[in-house]
Every structure is written in structure tokens, then in C-alpha cells.
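The values are calculated or read from the model by the stated rules, or taken from the named source; none is laboratory data. Since the model is a prediction, treat every value here as computed from it, not as a measurement. Every residue, glycine as well, gets a Cβ built from its backbone with ideal geometry; the counts of neighbours run over all protein chains shown.
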Amino acid sequence: MDERASGPLSGDHDVPELGTALRAAVARVYSRFRSERAEGEIGDAAVLALAALCKHGPLTLTELSNRARVTPGSMSQTVNRLVAGGYATREKDPSDGRRVLFVPTRDGRAQADAALAARQDWLNRQLARLDPEERATLARAADLLSRIADS
């Protein structure tokens, strides 16, 4: 018998059971993403902060904290490591000299791009192993999970 058909996500579910199964599955996938790091690669929090800076441009500590949904103290430690490692710089906000903006360096952009590409490559390899129906199911699930995350 196909293991997938009898797994924890088969059949009808009540909300608490489905919530538990989804939380566990998302946590396991996220854990795998975090483990797909090259030797010496910067940590996950730093990669995510750099990715935000690369995507959205210079950001304040508060803006980075809000995007990552972490405390300013936690983000402060992350950006301090990025600055010390040469992956980001601190610059005065040209429109308000009292504010500090964090800006990715060329090395920071390269580090973020490489880390995100490695994780995406891992995921793409896993998806390629699935049949088209399974990939269609995951495409629908990705839309639904995005809706949940955005609500």
C-alpha cells in the first residue's frame, strides 16, 4: 500500500488535527532549509536579514525586526555580526540623520544569494522527485499557506 495515502495527512481532518500536522510538516521543512548550509556560511537569521536588505533596500533596525518578527535586541545582535563580518554597513538616513540604516555590502549580497540559491536548489531537487499530481497539490498548498501567513 502507498505510504502517502495512509500517512497523517490522508482523509478528512478536524481543524486541530490538521493544524498539528501542518505545523509539524512546516517545521520539518524549515529545519531542513536551515540545515542546507555550506561550511562556514552565515546563520539563518543573518541570511534572512541580508535577503531583506537586498530585496527592500536600506532598512532600519526596527524595520528589519518587524519584517523578521523578532525583537529589536535579537535583530541588533544579527546586524552587529553582519557589520563585523563585512556583510552590511551602517549609514545615516539621508532624510533623517538621527536614524541608522543598514545596507548590504557586495559580499553580503553574494553571501545571501549563494545561501538562498543552495536552499532553493535543495527544494527543487525534492520537488523534481514528486509526480505532477503531487506538485499540483503542493502548488495549491503553497497558495493556501501564503494566505494563512498574510492574514
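Failed condition for Ala38, given (1) of a type in the set (Gly, Ala, Ser); (2) assigned to a loop (DSSP other than H, G, I, E, B); (3) surrounded by 15 or more Cβ atoms within 10 Å (Cβ to Cβ), with all others met?
Tallying (1) of a type in the set (Gly, Ala, Ser); (2) assigned to a loop (DSSP other than H, G, I, E, B); (3) surrounded by 15 or more Cβ atoms within 10 Å (Cβ to Cβ), Ala38 fails exactly one: (3).
For every residue, the table says whether it meets (1) free of Cβ contacts under 8 Å to residues at least 24 places away in the same chain; (2) more than 24 Å from Glu36 (Cβ to Cβ); (3) loosely packed, with under 12 Cβ neighbours inside 10 Å.
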{"residue": "Thr78", "(1), (2), (3)": "no, no, no"}
{"residue": "Val83", "(1), (2), (3)": "yes, yes, no"}
{"residue": "Thr89", "(1), (2), (3)": "yes, yes, no"}
{"residue": "Lys92", "(1), (2), (3)": "yes, yes, yes"}
{"residue": "Leu101", "(1), (2), (3)": "no, yes, no"}
{"residue": "Thr105", "(1), (2), (3)": "yes, no, no"}
{"residue": "Arg109", "(1), (2), (3)": "no, no, no"}
{"residue": "Asp113", "(1), (2), (3)": "no, no, no"}
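Residues of the range 86-107 being modelled with pLDDT of 95 or more and not in a strand (DSSP E or B), which ones?
Listed by number, the residues that qualify are Gly86, Tyr87, Thr105, Arg106, Asp107.
Filter the range 50-62 down to the residues that are part of a helix (DSSP H, G or I) and in contact with a Phe, Trp or Tyr (Cβ under 9 Å, 6 or more places away or on another chain), then identify the one that is surrounded by the fewest Cβ atoms within 10 Å (Cβ to Cβ).
Ranking the candidates gives Leu61 first.
Inside the range 119-131, can you point out the residues that are part of a helix (DSSP H, G or I) and farther than 21 Å from Thr78 by Cα?
Selection gives Gln120, Asp121, Trp122, Leu123, Asn124, Arg125, Gln126, Leu127, Ala128.
Which is in contact with a helix residue (DSSP H, G or I) (Cβ under 7 Å, 6 or more places away or on another chain), farther than 22 Å from Ala49 by Cα and not charged (D, E, K, R), of Leu127, Leu64?
Leu127
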